[in-house]
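Colleague: Just dropping this structure here.
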Amino acid sequence: MALVVQKYGGTSVADVERIRSVARRVVERKKAGNDMVVVLSARAGDTDRLIALAHEMSPHPDPRELDVLLATGEQITIALFSMAVKDMGFEAVSMTGYQAGIITDHQYGHARISWIETLPVTEKLKEGKIVVVAGFQGYDDEGNITTLGRGGSDTTAVALAAALKADACEIYTDVEGVYTTDPNVYAKARKLRRISYEEMLEMASMGAKVLHIRSVEFGMKYNVPIWVRSSFTDDPGTLVTQEDAEMEKVVVSGITYSKKEARVTVTDVPDVPGMAFKLFDPIAQEGINVDMIIQGSSAVPGRANISFTVPKADYEKTMALAEKISKEIGAGYVHGNPNIAKVSVIGVGMRSHTGVASVMFHALAKENINIHMISTSEIKISCVIDEKYTELAVRVLHDAFELHKDPHNGIKIHEDR
Ligand code: ADP
Ligand code: ASP
Ligand code: MG
C-alpha cells in the first residue's frame, strides 16, 4: 500500500462541481489501495477577495488578523470536499493547519514551516480515512494562525510528503505540467517531461508561479519527487527531480517573467567604503526585500550610480527612503520606474555552455527592446525591460532558443566542451 499526497489548486476546486470531480479522482486512488492525504487551496479568487475585504476594513490590516481571515479560504474547500467524499461512501476527515500539526515561525503572511507533528495525520490514516488538509496555513508556537505566502499550498503538500515519507507527491493544477514558459503567455510553450530541482527553484523564484518556491526547496532538501499535473486530464505531467547527466545537455530549459518588481536608482553616490551599507541597511530595516543590485561608475569622478529592484508594493516607500538617505550621504538624485519587468533564461546546461547571453541580447535587440539591468547566476540570466514588452520578450526568447523543439535534436548554442 502506497501513501500518496496530492494537492489541488484554486481552479481545481473553484466550485462544487469541480470539488466533486476531484473527490471522485481521490476516491478512485483510495479504492486502488492507497493511503490518501489531500491538500487543498481556497477556491480560485477567494484569497484575493479576502485580501480586498481586509483592505476595505482597514488601510493597513493587522498582520495577525489578516492571517486569521485568509486561512478561512482553505477551510471552505476542505469542509466541502470532505462532505463530497463522505457522500460517495468513503471516510474522510478535514484538518486545519493546526489540527494537522503544521508548525511555523512567527512571520505572518510569509511564515516558514519549521516542524510537522505527523501523529494527528497518521492516526487518521490508520483509521482508513482520507485526510484532507487545509493548504497555506499553520500555527506558531504561541498558537497563532499563520499563512505561508501566496501559492503556499504547494509547500504544505511537499512538506507533508517529506514528513510522512510519502511514496508520491502530486501537485494538480490548471496546466498539464511545467512548461518551457508560461503556456498562457505563449502557445508554443512545450511541456517538460522532467526538470531538476535547481532549475525549478530558479524558475519559481524568477516568476513561474506553477510551484511555490519553498515547495521546491523542501522537495530538494528531502528528495521528494514532485509530479506536476493537470486535474482536468490524465496526462502524466512533469517530474521535478534530481539533476542527471541528460539534463545537463540541455542548455536552456525555460523562460520566465516577473512583473512584481520596480527599479530605483541613486546617482552619484560617493565612491568610498560603507556607502552601500548606508544605503541598503535602512531599506532592509524596513523589511523591504532588495533583489537585483547594480553599481556602475558615474560620469562624475569618484562617484557611482547604484540601481536596484524592490517589490512594486514597496516602491513608494523605497523612493522616499532613498531620497532621505541620498541627502544624508551627499549623493546626486533619485529616480525610479515601477513599470518594469524581469525576463529570465534558465538552464543547468549554462554551466558548461557559453553564448547564451549573446543569443538573449540579440533576440531582445532585434525587437528594439531596451535592457535596463542585467544579472546572472550560474544557471540563469535575467534582464530588466519595460513592462509593456514582457509578453513579446518571452515569445522572442522562446523562439531564439528554439524551446518548442525537443532539445535532444540540438540547438544553436556554441558548445565549449
Ligand atoms: P494553482 O492554483 O493550481 O496553484 P497557479 O495559478 O498557482 O495554480 O499555477 C499555475 C499557473 O502557473 C498556470 O496557469 C500558468 O499560467 C502559470 N505558469 C507560469 N509559468 C509556468 C510554467 N513554466 N509552466 C507551467 N505553468 C506556468
Ligand atoms: N489560497 C492561497 C493563494 O491563493 C494559497 C494557494 O492557493 O496555494 O495564494
Ligand atoms: Mg499555485
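Colleague: Among the residues of the range 107-130, how many are surrounded by fewer than 21 Cβ atoms within 10 Å (Cβ to Cβ), in a strand (DSSP E or B) and within 16 Å of ligand 2 (Cβ to nearest atom)?
Modeller: Going through the range 107-130 one residue at a time, the tally reaches 0.
Colleague: While we're on this one: Applying the selection to the range 92-112, what residues are closer than 16 Å to K7 by Cβ and within 16 Å of ligand 3 (Cβ to nearest atom)?
Modeller: None - no residue of the range 92-112 is closer than 16 Å to K7 by Cβ and within 16 Å of ligand 3 (Cβ to nearest atom), so the list stays empty.
Colleague: I need the full set of residues from the range 164-184 which are away from ligand 3 (no atom under 16 Å from the Cβ) and at negative phi, in order please.
Modeller: We begin by selecting, within the range 164-184, every residue away from ligand 3 (no atom under 16 Å from the Cβ); these are 164-168, 180-181.
Result: L164, A166, D167, A168, T180, T181.
Colleague: Under 7 Å between Cβ atoms, which residue pairs at least 6 apart in sequence (or on different chains) link something in the range 193-221 that is of a type in the set (K, R) with a partner that is within 13 Å of ligand 1 (Cβ to nearest atom)?
Modeller: Within 7 Å, the pairs are R193/T238; R194/T238; K209/G151; R214/T155.
Colleague: A follow-up question, please. So is V133 hydrophobic (A, V, I, L, M, F, W, C) and surrounded by 18 or more Cβ atoms within 10 Å (Cβ to Cβ) or not?
Modeller: yes
Colleague: Out of S297, S352, S377, report the one residue that is hydroxyl-bearing (S, T, Y) and closer than 19 Å to V264 by Cα.
Modeller: S297
Colleague: Out of everything in the range 38-91 that is without any contact (Cβ under 8 Å) to a residue 60 or more places away in the chain, surrounded by fewer than 18 Cβ atoms within 10 Å (Cβ to Cβ) and not in a helix (DSSP H, G or I), what residue ends up being nearest to ligand 3 (Cβ to nearest atom)?
Modeller: The qualifying residue nearest to ligand 3 (Cβ to nearest atom) is A44.
Colleague: What's the total number of residues in the range 282-310 that are of a type outside the set (G, A, S), within 26 Å of the chain's Cα centre (by Cα) and closer than 14 Å to A322 by Cβ?
Modeller: Residues flagged as of a type outside the set (G, A, S), within 26 Å of the chain's Cα centre (by Cα) and closer than 14 Å to A322 by Cβ within the range 282-310 amount to 9.
Colleague: Residues that are within 16 Å of the chain's Cα centre (by Cα) and more than 16 Å from ligand 2 (Cβ to nearest atom): does the range 167-175 have at least one?
Modeller: Within the range 167-175, not a single residue is within 16 Å of the chain's Cα centre (by Cα) and more than 16 Å from ligand 2 (Cβ to nearest atom).
Colleague: Please verify whether T146 is part of a strand (DSSP E or B), under 17 Å from H110 (Cβ atoms), more than 11 Å from the chain's Cα centre (by Cα) and more than 7 Å from ligand 1 (Cβ to nearest atom), treating the condition exactly as stated.
Modeller: Values: part of a strand (DSSP E or B): yes; under 17 Å from H110 (Cβ atoms): yes; more than 11 Å from the chain's Cα centre (by Cα): yes; more than 7 Å from ligand 1 (Cβ to nearest atom): yes.
Taking the combined requirement at face value, the residue satisfies it.
Colleague: Something else now. Is it the case that some residue within the range 205-222 is modelled with pLDDT of 95 or more and surrounded by fewer than 16 Cβ atoms within 10 Å (Cβ to Cβ)?
Modeller: yes
Colleague: Also: Pull out all pairs, ordered by first then second residue, where Cβ-Cβ is under 8 Å, the residues are six or more apart or on different chains, the first lies in the range 389-409 and is surrounded by 14 or more Cβ atoms within 10 Å (Cβ to Cβ), and the second is charged (D, E, K, R) and part of a helix (DSSP H, G or I).
Modeller: V396/K366
Colleague: Moving on. Select from the range 52-85 the residues that are in contact with a strand residue (DSSP E or B) (Cβ under 7 Å, 6 or more places away or on another chain) and within 19 Å of S12 (Cα to Cα) and list them in ascending order. Explain how you work it out, then say what you get.
Modeller: Keep residues of the range 52-85 that are in contact with a strand residue (DSSP E or B) (Cβ under 7 Å, 6 or more places away or on another chain), which gives 67-68, 70-71, 74-75, 77-79, 81-82, 85.
Hits for the range 52-85 are L70, A71, E74, Q75, T77, I78, A79, F81, S82, V85.
The values are calculated or read from the model by the stated rules, or taken from the named source; none is laboratory data. This structure is a prediction, so every number in the text was calculated from the model and none was measured. Ideal geometry is used to build each Cβ from the backbone, glycine not excepted, and the neighbour counts take in all protein chains shown.
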